[in-house]
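To start, the structure under review is shown below, and the notes come after it.
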Amino acid sequence: MQYRQLCRKEPRPPLWFGRGGYGSSLSWLGARPRLQAAGFLAVAALAWGGIEWKKNADLTAARQSFRKEAARSAEQVRDQLSSSLSQIALGLKTIARLPGVRRLSKPGQEMGEDSNQATEELYHSLGATVGLSELYIVPVDMQPDKVDPLSAKYGAPLKSFDDRIVGKTAGSKVRQRDSDEVAEVETYEYRAMRHQLDWFVKKYPTEAQVQKLVYPIQYSREVITCDNSNYSSEHPDNWTRSGIVVSVPYYGLDGRLQGCVSGVILTSQLIQALPTPEYGVINSETGFQESFRESGPFRKALSEGRGDRPDDSLVYSQILPVRVAGAMSPWWLWVGRRDTGFTTRPDVVAANQFHWVAGLMVALVSLITVSFIGFASSSRKKLEEVNKGLEREIVTRTSDLVHARKMQAVGELAAGVAHEINTPVQFIGDNLRFLETVSERYTRILERMAGALEDATTDSLQPADAKMVLADAHRMRLGEMLHEVPEAVQESLDGIRRISEIVKAMRDFAHPGVTGRVMANLNQIIESSTIVARHEWKSVADVRMDLLPSLPMVPCNPGEVGQVIVNLVVNSAHAIKERVGNTNEKGLIEIRSAMGGDHVAITITDNGNGIPEDLREKVFEQFFTTKGVGVGTGMGLAITRNVVERHGGTIEFSSVLGKGTEFTIALPVSVPLELGESDPLEDAA
């Protein structure tokens, strides 16, 4: 209400110049100078708008030109990559249709001299043009992980063509086969071929399924190959021998599937079609995502999990399909040109330079002209004094609001503590009234028994009198009450202990007489503050504490730090209440203290609703709250951060929507202020 009343006060003069903003001189000039200044500023604004329009138009044209050029370059790279993949596919299909290959079905069979020579020539041709490393003719029943009972060997291809790579490693053309040789790992290739054969058996068991000689092409995921030509045993890096297996089926003369013709190409060879790290090759079905090893836009996109879509933050980024006839898994070319290629273009540089030079000239002329007119007014000083007075009034009103928030918090705590004390006081009163009743009845029966004993001493006691005393004792339930008395006493003692704990917590929380920093036990402050705020959390959450026993004493203002703990615990309780609603479910608030270097850390975690991402930057702002009317004023966290920062500490938080929030306070173990030095809490956050 105070803030709204403040906003309804007399409007302040418009501040368009000096402290208030641009152009304040117009409000206090005479009519003619004011019109002159307004006319000049209008012309300056139009000039600035024209400069902005020209800059945007020039940059738009430059951006369109850059994108067209980048798209043409990307299409050329795409076509080259498509050509390389298509050459491999065409070569493998050609080999698969050779008569000698179609007759192969079991180990030991020969292809025939013509087919063998044709295969050798195609292998070396593909190796020279697209970098094919190995070529295999694989039977349909090859089992690389099982031992053939006839040959006592693991399953292997029928024919292998790999003389381009056998015995070669990085740094030498031919490696001597000695004890230091690098092992050529073929297992991963064979397993990939087995996986592809299973697919061919399922989808293309006969040649009749092949339409118009468009043989299906299968690509494997990226595997370690036996091509060690780029691999160094001194600097081992499996990426240098990683590659993919490309396979097409081959059929017997009867049209039945006999196996597949497989080629192996290194990743480093496949990406040779890429000109820079701004490009990447993708096969989404096999998980292949590769580019140069150097950092670039594509590697950055992969690290951020965006390798499957263009980077919208770049001026030009696109994903182009790479066409390969018969490919069962599509290939894509990822392109993301660095923005430096755009910003350094001559037309972009010229547009920016014109914008800044022309804008600076307009600004300087405007500043000089308006300043001249402004300094001609003798009332400027008076206006500034009015502005200062209004600003002081705003600060005063803001301080009043903060103080009101503090008083509200004290009132809420007092009401809660009164409620906490009232419960044990009620059952203590009930127990005392019960004990009063027991005492009265025992007094009466004892008086009767005393009379009976006196009669017994004079031999005048009659059996009927004794029976009457016993009947009265039974009627007054003295035996039952005798058993209930200890329980009533114990309940009363527990209630007194509970009241004592609450009073002690309030005394510790208030810290009367402490206005500066003293050496304080943070664990004790946490426990006292949690008890003080118990009325807020007891019905919606359980509190679990994990406090470090060896936590050192910390120089602080105990009352201020206690208020910080209360604010955070109350916020956690409100967040949990929003999540559980009127159900019987209870949330959990965890409070931990720990030592980290030269700071003590206090962590308060809840499993409430969490804070929406779009509101997290505002939580420490004054008057910002997501709570309903009458529940929050938006000052609690603002005051909390102010207190922590004035203690030389920090406060941070993390939150997951729907799961909860965690606040962490770090306070230094030592501060430059001397112990006991006055450091009162500022009213304005």
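The values are calculated or read from the model by the stated rules, or taken from the named source; none is laboratory data. Just so we're clear, the structure is a prediction, and the values are computed from it rather than from any experiment. Counting neighbours? That spans all protein chains shown, and the Cβs are built from the backbone with ideal geometry, glycine included. Surface areas here come from the heavy atoms of the whole protein model, side chains and all, with no ligands, DNA or RNA. Shrake-Rupley method; radii C 1.70, N 1.55, O 1.52, S 1.80 Å.
Which members of the range 530-549 meet the condition of being acidic (Asp, Glu) and at pLDDT 90 or above? Let's see the steps before the verdict.
Within the range 530-549, the first condition is being acidic (Asp, Glu), and the residues that meet it are 536, 542, 546.
Those that are acidic (Asp, Glu) and at pLDDT 90 or above: Asp542, Asp546.
When you scan the range 328-371, how many residues do you find that are under 30 Å from Gln196 (Cα atoms), of a type outside the set (Phe, Trp, Tyr) and crowded, with 19+ Cβ neighbours inside 10 Å? First the steps, then the outcome.
So in the range 328-371, the residues under 30 Å from Gln196 (Cα atoms) come out as 328-335.
Now drop any that are not of a type outside the set (Phe, Trp, Tyr), which leaves 328-330, 333, 335.
With crowded, with 19+ Cβ neighbours inside 10 Å added as a condition, the list becomes 333, 335.
Number satisfying all stated conditions: 2.
Just checking, which of Val322, Val348 is in contact (Cβ under 8 Å) with a residue 60 or more places away in the chain and closer than 30 Å to Asn56 by Cβ? Don't jump to the end; show me each part of the working.
On the way: Val322 fails: closer than 30 Å to Asn56 by Cβ.
Exactly one residue qualifies, and that residue is Val348.
Of everything in the range 570-593 that's among the acidic types (Asp, Glu) and modelled with pLDDT under 90, which residue is least open to solvent (accessible area, probe 1.4 Å)?
Glu585
In the range 121-138, what residues are open to solvent by 10 Å² or more (accessible area, probe 1.4 Å) and over 49 Å from the mean Cα position of the chain (by Cα)?
Glu121, Leu122, His124, Ser125, listed by residue number.
Can you pull out every residue in the range 92-121 that is acidic (Asp, Glu) and outside any helix (DSSP H, G or I)?
Within the range 92-121, the first condition is being acidic (Asp, Glu), and the residues that meet it are 110, 113-114, 120-121.
Within the range 92-121, Glu110 is the sole residue that qualifies.
For a quick check of your reading of the model, give me the residue pairs whose first member lies in the range 141-167 and is β-branched (Val, Ile, Thr), whose second is in a loop (DSSP other than H, G, I, E, B) and modelled with pLDDT under 90, with beta-carbon atoms closer than 6 Å and at least 6 apart or on different chains.
Ile165/Asp227; Ile165/Ser229
For residues in the range 274-306 being among the small types (Gly, Ala, Ser) and surrounded by 21 or more Cβ atoms within 10 Å (Cβ to Cβ), which is modelled with the highest pLDDT? Please lay out each step first, then the result.
Kept after step one, since they are among the small types (Gly, Ala, Ser), are these residues of the range 274-306: 280, 284, 287, 291, 295-296, 301, 303, 305.
Among the residues that remain, those that are also surrounded by 21 or more Cβ atoms within 10 Å (Cβ to Cβ) are: 280, 291, 301.
Details: Gly280: 93, Ser291: 89, Ala301: 89.
In this case the residue turns out to be Gly280.
Does Glu75 count as part of a helix (DSSP H, G or I) and either closer than 30 Å to Tyr316 by Cα or among the hydrophobic types (A, V, I, L, M, F, W, C) (or both)?
Numbers: part of a helix (DSSP H, G or I): yes; either closer than 30 Å to Tyr316 by Cα or among the hydrophobic types (A, V, I, L, M, F, W, C) (or both): yes.
The answer is yes for Glu75.
Just give me the residues in the range 54-68 being exposed (fewer than 15 other Cβ atoms within 10 Å of the Cβ) and within 39 Å of the chain's Cα centre (by Cα), in sequence order. Working first, answer last.
Filtering the range 54-68 down to residues exposed (fewer than 15 other Cβ atoms within 10 Å of the Cβ) leaves 54, 56-57, 60-61, 64-65, 68.
Asn56, Ala57, Thr60, Ala61, Gln64, Ser65, Lys68, listed by residue number.
Select from the range 199-222 the residues that are surrounded by fewer than 20 Cβ atoms within 10 Å (Cβ to Cβ) and among the β-branched types (Val, Ile, Thr) and list them in ascending order.
Val201, Thr206, Val210, Val214
Return the pair list, or none, for Cβ contacts closer than 8 Å from residues in the range 66-85 that are closer than 18 Å to Ile265 by Cα to residues that are outside any helix (DSSP H, G or I) and charged (D, E, K, R), at least 6 apart or on different chains.
Ser82/Arg323
Hey, any hits in the range 532-548 for a residue that's open to solvent by 10 Å² or more (accessible area, probe 1.4 Å) and within 23 Å of Gly648 (Cα to Cα)?
Scanning the range 532-548 turns up at least one residue that is open to solvent by 10 Å² or more (accessible area, probe 1.4 Å) and within 23 Å of Gly648 (Cα to Cα).
In this structure, is Val248 without any contact (Cβ under 8 Å) to a residue 60 or more places away in the chain, buried (at least 17 other Cβ atoms within 10 Å of the Cβ) and farther than 22 Å from Val77 by Cα? Talk me through it step by step, then tell me what you get.
On the way: without any contact (Cβ under 8 Å) to a residue 60 or more places away in the chain: no; buried (at least 17 other Cβ atoms within 10 Å of the Cβ): yes; farther than 22 Å from Val77 by Cα: yes.
So Val248 fails the test.
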